[in-house]
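Colleague: Mind having a look at this structure? Questions to follow.
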Amino acid sequence: MKNTLLCLMLLAFAGASSIVQAQAAKPAAPATAAIETKLAMCIGCHGIKGYQASFPEIHKVPMISGQSGKYIVAALNAYKKGERKHPTMRGIAASLSEQDMAEVAAYYEQHGKDAVALPEQAPAASTDVAALLTKGACDSCHGKNFSKPIDPTYPKIAGQHADFLFVALKAYKTEGNPQVGRGNAIMGGQVKQFSNAELKSIAHYLASLPSELHTVPQSKFR
Ligand code: HEC
Ligand code: HEC
């Protein structure tokens, strides 16, 4: 009995030490492996076509492939600092260093990029929506086709999912909720002049536009 126990203990010890050795013997990981680990985190939501989030209401997760890299970094920093309160994205952004963000953003900016040229000017909106867009001067920052913002830290919004755009627009209105809201002052001032019904029609129009944004389906790397 004693011997069997001792034997088991030795086996366990031998097993443990060989695991330690195996780990130590592994060659140093190539530089890109670290970023692939980070990207593997994103794929579970942003790499599945039509993937829906349920908080704060059911909507499709935003398309980030083809988005401007500088905007991706700005958005991730806004989650990290808590200026954007979405709990899951806050947790994810908190785990990313400046370097990780820059690499992930550079990856997504090029991801799924195709050579399709967008029209300079977005197809006309209905009279009602056109009046709302004029009131907000939306294209003065997001570009005449809503894909060429005047500053690369501003998002491309043409062709983004309508339900996500609506959730995002409402978030700029939400104050005093610990889990919902976006603190950006520019967009906060913008959306407060519109009713939710008006924001919804704007979102539907923007979503219908020719787009550089994609979801590139990926199950895993390699
Ligand atoms: C569990 C699902 C999930 C995972 C995993 C996830 N995201 Fe997100 N992501 C979301 C949702 C939902 C939103 C919308 C949040 C909001 O309303 O502000 C979002 C928003 C974003 C935005 C802002 C997009 C925009 O147009 O404003 C960026 C950028 C982003 N995610 C990047 C990433 C990156 C990079 C990773 C991996 C490191 C990642 N996400 C992992 C669900 C996820
Ligand atoms: C003065 C410049 C400016 C104007 C005008 C403006 N925006 Fe924005 N918009 C921004 C900036 C900057 C952001 C990024 C804010 C952030 O980091 O949360 C943004 C973000 C957004 C987003 C969030 C997109 C995403 O992927 O999360 C939407 C939707 C949007 N704007 C729609 C509009 C609409 C609709 C109008 C007109 C009613 C408008 N914007 C007018 C600068 C502007």
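FYI, it's all coordinate maths here, none of it is from the lab. Quick caveat, the model's predicted, so the values are computed rather than measured. FYI the Cβ positions are ideal-geometry reconstructions off the backbone, even for glycines, and counts take in every protein chain you see.
Colleague: Among His161, His204, which comes first, then next, by fewest other beta-carbon atoms within 10 Å?
Modeller: Going from sparsest to densest Cβ surroundings: His204, His161.
Colleague: Take Val61, Val216 and order them by how many other Cβ atoms sit within 10 Å, fewest up front.
Modeller: Numbers: Val61 20, Val216 17.
Final ranking by Cβ density, sparse to dense: Val216, Val61.
Colleague: Considering only the other residues whose Cβ falls under 15 Å of the Cβ of Asp128, what net charge follows from Lys and Arg at +1 and Asp and Glu at -1?
Modeller: Every neighbour counted, the sum reads +1.
Colleague: Around Tyr108, what is the net charge, scoring Lys/Arg as +1 and Asp/Glu as -1 over all other residues with Cβ under 13 Å from its Cβ?
Modeller: 0
Colleague: Taking neighbour counts of Cβ atoms within 10 Å as a proxy for exposure, in what order, fewest first, do Val180, Val104 appear?
Modeller: Ranking Val180, Val104 by Cβ neighbours within 10 Å, fewest first, gives Val180, Val104.
Colleague: Can you give me the Rg/Rh ratio for region 31-207, using Cα atoms for both radii and the Kirkwood formula for Rh?
Modeller: On the Cα set of region 31-207, Rg over Rh gives 0.95.
Colleague: Which GluC sites (Glu not before Pro) in region 70-122 pass both tests, a DSSP loop state and at most 10 other beta-carbon atoms within 10 Å?
Modeller: Glu120
Colleague: Another question, if that's okay. As a quick test, which of the pairs Lys70/Lys148; Lys135/Lys200; Lys113/Lys148; Lys144/Lys170 have an alpha carbon distance above 18 angstrom in this structure?
Modeller: Details: Lys70/Lys148 13 Å; Lys135/Lys200 15 Å; Lys113/Lys148 15 Å; Lys144/Lys170 23 Å.
Too far apart for the 18 Å limit: Lys144/Lys170.
Colleague: What is the gain in length, in nm to one decimal, between Lys135 and Ala94 on full extension, counting 0.36 nm per residue of separation less the C-alpha to C-alpha distance?
Modeller: 11.1 nm
Colleague: Cα gyration tensor of region 66-144, axes a ≥ b ≥ c as square roots of the eigenvalues: rounded (a/c below 1.5), prolate (a/b > b/c) or oblate?
Modeller: oblate
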